[in-house]
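This report concerns only the one structure given below.
The values are calculated or read from the model by the stated rules, or taken from the named source; none is laboratory data. Not measured: the values here are computed from a predicted model. Cβ sites come from the backbone with ideal geometry, for glycine too, and all protein chains shown count toward neighbours.
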Amino acid sequence: MMQISLQRGYCSSHLQDCLLLVLSTLIFASVVGCGGGFATKDPERMSEYPKRYVKEGQRIQADPVSYIKNMYARCEALEQYRLMFYRQERLGLFGRMGPMEEIRACFRRDPFSVKFEWDDPERDYYESVYVAGENNDKLIVRERKGLLGFAPQVRVVNLSDPVIWGKSKNPVTDFGLAQVTRRTLLPFEDPEVAAVMTIKYAGLVELGPKSGPAHYLLIERPKTEGLRYTRQDFYIDAETGLPAGTDLWLPSGKLDARYRYSEVDTKATFTDADFRLSKDHPQVVSK
């Protein structure tokens, strides 16, 4: 059951919590796609690009899976960073593609911590925070818009609740450069799946909305039980060699999710105070 408050003044009764969860799930499922966001389009291939990118492209082309494995090791070693995270997903009961969100994100490896901030006035939240081991391992969100006409408030929710509500495809614990790289590698670790997959270097593209030049890997496989996607476009930042984004395609040929990672600052340093809401953060409760 969704927990709404950790201290006095943050919400109302247990019955209201249940009603909000049920009704908001139904409403979000039917209206995903409304509101503001970035218009997006498929990346454009670059016909001309600096020669310094050619050698790296040849390395990727020679052995794409090994290159991704090495990149995963580098991402896994990053202790903390900030970046701009762009997210666009097909959500809801009718599977509508929502607008692309622009999210300022901070990441810390240990303890695993993620803070998201939304500046778009059309978004439902101002910010969210998750720190592993705090607040019974739950996610804290500060609303910009209250659910079903109720006043906006700070909520403490289960990690699975945003997925249940139709607000995101994945829990916040799936976020991060290492995480997206790891998920890309997983199918290659199953010999039966890997045997029917193809991965090829498809050149350089200009990746929007703000990611810039990126090496493009096209990963394809036939429809396979247990795997949702038959195609993945995976992008590597041509300047940093870190993940720049991924597109995930359904067997029908429809785009199901698009993620971008730009302006990555791996020299950022954080304290515990950086993983608190900027306003009305609840009293921290450990497990």
Exercise. Mind checking whether some residue in region 165-184 is buried (at least 16 other Cβ atoms within 10 Å of the Cβ), hydroxyl-bearing (Ser, Thr, Tyr), in contact with a Phe, Trp or Tyr (Cβ under 9 Å, 6 or more places away or on another chain) and within 25 Å of Gly226 (Cβ to Cβ)?
Worked result: yes
Seminar exercise, completed: Among (1) touching a Gly at 6+ places or on another chain (Cβ under 9 Å); (2) among the hydroxyl-bearing types (Ser, Thr, Tyr); (3) over 24 Å from Arg45 (Cα atoms), Thr230 falls short only on (3)
Exercise. What residue, among those in region 49-94 that are farther than 21 Å from Ser211 by Cβ and free of Cβ contacts under 8 Å to residues at least 12 places away in the same chain, is surrounded by the most Cβ atoms within 10 Å (Cβ to Cβ)?
Worked result: Asp63
Problem set entry | Search result, residues across region 137-190 that are closer than 21 Å to Val65 by Cα, touching a residue at least 40 places away in the same chain (Cβ under 8 Å) and over 14 Å from the mean Cα position of the chain (by Cα) | Leu185, Pro187, Phe188
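Collect the residues in region 241-258 that are closer than 17 Å to Pro187 by Cβ, touching a Phe, Trp or Tyr at 6+ places or on another chain (Cβ under 7 Å) and assigned to a strand (DSSP E or B), keeping them in residue-number order.
Pro243, Thr246, Leu248, Trp249, Asp256, listed by residue number.
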Problem set entry | Top-ranked residue in region 271-287 [being part of a loop (DSSP other than H, G, I, E, B) and either surrounded by fewer than 12 Cβ atoms within 10 Å (Cβ to Cβ) or in contact with a Phe, Trp or Tyr (Cβ under 9 Å, 6 or more places away or on another chain) (or both); ranked as modelled with the lowest pLDDT] | Lys287
